[in-house]
Amino acid sequence: MNLRIKFLIILISFLVLSCSQTSFDTEQELLNYIQDKNNEYIQKKTVNGINFSLMYKPTDLLVSKDLKGNNKDEDIEGLRTRYNKYIYFNLSMSHNNQELLNTLPKDRHEFGQMVQQLAFGMRDDLYLYNKQKDTLVMTDFVYPRMYGMSNATTIMLVYPRDEEKLTSEFLYLTLRDLGIGTGEVKFKIPTHIIQEEPILTFKN
């Protein structure tokens, strides 16, 4: 296969992917789109009084945070390349419309245990895998302490964008019981929302 044909294949693939993606002019428009449950970017369930929400976070939301209004093409593409190596989810958990730490611990000991779990132990309690049981090993997770200023405990989960494992129709995210009486909580994630994730136009 000569270079001309290879170039045409790459160009056609890029155009097909671009056409399949939904684009938005503002971050708020993109957020409204992914927060609409009909678009499958967010899933919610309630178990034993605990409200769970899992939202896939498109790459351009992270790019937008880093740009700080400097919408130069080279900066945008550089950040997209950097962030696109991974996939991101926000996992939120709340009880009585409050953070878990505000309502569940019965004493200082339980409070300390839960802080330790949320800040350092989530890597061992979350599993992301496809239909073939191939596991995506967590790269990192971010748990910002909100000290009661939020209505939910939210953790950002970071996994490698392993294209081979993303060929499966679904991914499954399983959360072990954190000692709050929910048992195992499982989410079924369609991979097309990752392959066709919405983008921002980043207009100047």
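Label reach from residue 45 (point 7 Å along Cα→C-beta): in the range 91-108, amide nitrogens under 15 Å belong to 91-94.
Considering all projection directions equally, how large on average is the shadow of the alpha-carbon convex hull of the chain, in square nanometres?
13.6 nm²
Remark: the range 23-29, residue by residue, has Karplus-estimated 3J(HN,Hα) of 10, 9, 7, 10, 4, 5, 4 Hz, where x stands for each Gly or Pro and the curve is 6.51 cos²θ - 1.76 cosθ + 1.60 at θ = phi - 60°. For the range 40-132, the set of GluC sites (Glu not before Pro) satisfying both a DSSP loop assignment and a count of at most 16 other C-beta atoms within 10 Å is given as 40.
A dipole drawn for the range 23-200 from +1 and -1 charges on Cβ atoms has a positive end, and of 63, 105, 83 the residue lying farthest that way is 105.
Which pairs, out of 45/68; 44/131; 45/165; 133/186, put more than 23 Å between their alpha-carbon atoms? Write out the running numbers ahead of the final one.
Numbers: 45/68 34 Å; 44/131 21 Å; 45/165 26 Å; 133/186 14 Å.
Going by Cα-Cα distance, 45/68; 45/165 fall outside the 23 Å limit.
Charge dipole of the chain (Cα centre as origin; +1 on each Lys and Arg Cβ, -1 on each Asp and Glu Cβ, all else neutral): 200 debye, rounded to the nearest 20. Applying the Karplus relation 6.51 cos²θ - 1.76 cosθ + 1.60 with θ = phi - 60° to the range 111-117 yields 3J(HN,Hα) values of 4, x, 4, 5, 4, 4, 5 Hz, where x marks Gly and Pro. Report summary: the helix-based calculation at 222 nm, which adds -39500 (n - 2.57) for every DSSP H run with n ≥ 4 and divides by the residues of the chain, gives -8500 deg cm²/dmol. Entry note: the range 100-204 has Rg to Rh equal to 1.04, where both radii use alpha-carbon atoms and Rh is the Kirkwood radius.
Bear in mind these aren't lab numbers, they're just calculated from the coordinates by the rules spelled out. Keep in mind that this is a model prediction, so the values were computed, not measured. Quick reminder, even Gly has a Cβ in these numbers, built from the backbone with ideal geometry, and neighbours come from all protein chains shown.
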